[in-house]
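K.L.:
Structure in structure tokens, see below.
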Amino acid sequence: MKSHTVHVCRVCGTTTPRWVGRCPGCGEWNTLDEERSDTRSQSRSRRSLVTTSLRDLGDDVERAQSSGVSELDRVLGGGFVAGSTTLLFGEPGVGKSTLALMSLRALALRSIPVLLIAAEESAGQVAKRARRLGEVPDGLDVAVTTDVDAAEQLLRDRRPALCVVDSVSAMSDESLSSVTGSVPQVRRAAERLCSVAKDTGSALLLVGHVTKDGELAGPRALEHLVDTVVRIEGDRQGSLRFIRAIKHRFGPTGEVGVLEMVPEGLRELPDPALSVRGPRLEVPGVVYSVTNDGSRSFLVEIQALVATSSSSPRRVAHQVSSQRLALLLAVLEARCDIDTSGADVFAATAGGLAATEPGVDLALAMAVASAVVGFAVPRTLTVVGEVGLAGELRSVSGLTRRVREAQRLGAKRVIVPSEGDLDATPGMDVERCSSLAQALESARTVTK
């Protein structure tokens, strides 16, 4: 066996034979770490492969076991699959460890064997977090170690239904000379833990970190190594947390789970609308719309404020697309004779729900127009539609689902594009408009 030195980028995993200042793969500076690589010189015996006809195979689907957290089950398509590896990552303080502990606690309450391997916190710190979630059940065990050898042996001995490693970045293999947290160490630890999970049939949940840009820290190979990649995100100043699957080998990735951060931990929100509703103030600049995310629809409150500018006009967008806002301001001036070129324009959503899809264009444009002209849009009116540069309203996906969600939450009237499939909705006054100008006139007529 021959040994030689290579250099691996800790950001993207690119390998070079010698050290260079700038990574040739991702372009980052000073990110190459030295690693010893072993090459087997002996020849390997050839093995014959057996093929199987896809036509003869059945539709067997791996059965998932519930995670104990319904919002996480929604994202995972039912729960964790035995022998699979799931990578959970997010920004510091967003609730990764709490979500993982919620799942372990829920399973332990049902007498399902679970295990937590804590590589960053002490057993006392973990116990304190567990008590915030409620009574600590029997069988919720924790092992504190950063040694991947010890973790691997414990997994083989205990064979839990679910094992959480918090976090994979803190695990290390003593056979490697690189420091803990480096690309070689994270990759080796993940490879060994994934292998033992498949051997024992245990579902493995790895907790990961993010870079300063909000991307998953560690080698890119880590994403390809695991079966599922789940991200938990949310504004740290707000209470809402969103769970999304970026990769999922056992199901679709379009679902979203919603949780709320409370003093006791995370609370599930099957109906987020109950948490984001504000006071009933009918003032200019407030318009309601419905956005689709996965199989769910969310009512969003779009707010706009137009103020006199003391210097260079500002455009501030929070939880809405700044590019869409700039486009809509130009359309309002060119097609509807509503000029905001000399004013500061502020646009945001209330309650913490982001609304960046084109389906909320009409609500965003109407909120700005309402703030400029000075008319209030009633809370019982909801608007949905994409706005084009010609001022036309374009159809959006899932229109029927949006309209029914608006009706469920109290809307009596809805303005939608003239094009697009929409099933009958008894009890809802639906008005079709072909242009932004027509929609604005219709909204103003309601308020008179």
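The values are calculated or read from the model by the stated rules, or taken from the named source; none is laboratory data. Bear in mind the structure is a predicted one, so any value in this text is a computation, not a measurement. A quick note on method: Cβ atoms are made from the backbone with ideal geometry, for glycine too, and the neighbour counts reach across all protein chains shown.
K.L.:
Condition first: assigned to a loop (DSSP other than H, G, I, E, B) and out of contact with any strand residue (DSSP E or B) (no Cβ under 9 Å at 6 or more places or on another chain). Can you find one or more residues in the stretch 248-269 that meet it?
P.N.:
yes
K.L.:
Quick check on residue 442: is it over 34 Å from the mean Cα position of the chain (by Cα) and under 22 Å from residue 336 (Cα atoms)? Steps first, answer last, please.
P.N.:
Values: over 34 Å from the mean Cα position of the chain (by Cα): yes; under 22 Å from residue 336 (Cα atoms): yes.
Yes: the conditions hold for residue 442.
K.L.:
For residue 285, all conditions in the list (1) more than 22 Å from residue 367 (Cα to Cα); (2) touching a residue at least 60 places away in the same chain (Cβ under 8 Å) hold save one; what is the number of the exception?
P.N.:
(1)
K.L.:
Looking only at the stretch 211-240, filter to residues that are under 13 Å from residue 93 (Cβ atoms) and outside any loop (DSSP other than H, G, I, E, B); which one of those is modelled with the lowest pLDDT?
P.N.:
Filtering first and then ranking leaves 233.
K.L.:
Give 105, 110, 159 a once-over and let me know the one that is assigned by TED's automatic domain parsing to the domain that holds residue 210 and either modelled with pLDDT under 95 or under 22 Å from residue 263 (Cα atoms) (or both). Steps first, please.
P.N.:
On the way: 110 fails: either modelled with pLDDT under 95 or under 22 Å from residue 263 (Cα atoms) (or both); 159 fails: either modelled with pLDDT under 95 or under 22 Å from residue 263 (Cα atoms) (or both).
It is 105.
K.L.:
When you look at residue 367, is it part of a helix (DSSP H, G or I), of a type in the set (Gly, Ala, Ser), in contact with a Phe, Trp or Tyr (Cβ under 8 Å, 6 or more places away or on another chain) and touching a residue at least 24 places away in the same chain (Cβ under 8 Å), yes or no?
P.N.:
Against the criterion (part of a helix (DSSP H, G or I), of a type in the set (Gly, Ala, Ser), in contact with a Phe, Trp or Tyr (Cβ under 8 Å, 6 or more places away or on another chain) and touching a residue at least 24 places away in the same chain (Cβ under 8 Å)), residue 367 does not qualify.
K.L.:
Here is a follow-up. Can you tell me which residue in the stretch 159-188 is surrounded by the fewest Cβ atoms within 10 Å (Cβ to Cβ), limited to those that are closer than 21 Å to residue 210 by Cβ and of a type in the set (A, V, I, L, M)?
P.N.:
The residue in question is 179.
K.L.:
Which one of these is under 23 Å from the mean Cα position of the chain (by Cα), over 16 Å from residue 232 (Cα atoms), surrounded by fewer than 18 Cβ atoms within 10 Å (Cβ to Cβ) and not β-branched (Val, Ile, Thr): 78, 124?
P.N.:
The match here is 78.
K.L.:
How many residues are in a loop (DSSP other than H, G, I, E, B), over 27 Å from the mean Cα position of the chain (by Cα) and not β-branched (Val, Ile, Thr) if we restrict to the stretch 370-403?
P.N.:
9
K.L.:
Right, another one. Looking at (1) small (Gly, Ala, Ser); (2) touching a helix residue (DSSP H, G or I) at 6+ places or on another chain (Cβ under 9 Å); (3) free of Cβ contacts under 8 Å to residues at least 40 places away in the same chain, which is the only condition residue 397 fails?
P.N.:
Failing condition for residue 397: (3).
K.L.:
I would also like to ask the following. Do you know which of the residues in the stretch 1-34 that are assigned to a strand (DSSP E or B) and of a type in the set (Asp, Glu) is surrounded by the fewest Cβ atoms within 10 Å (Cβ to Cβ)?
P.N.:
34
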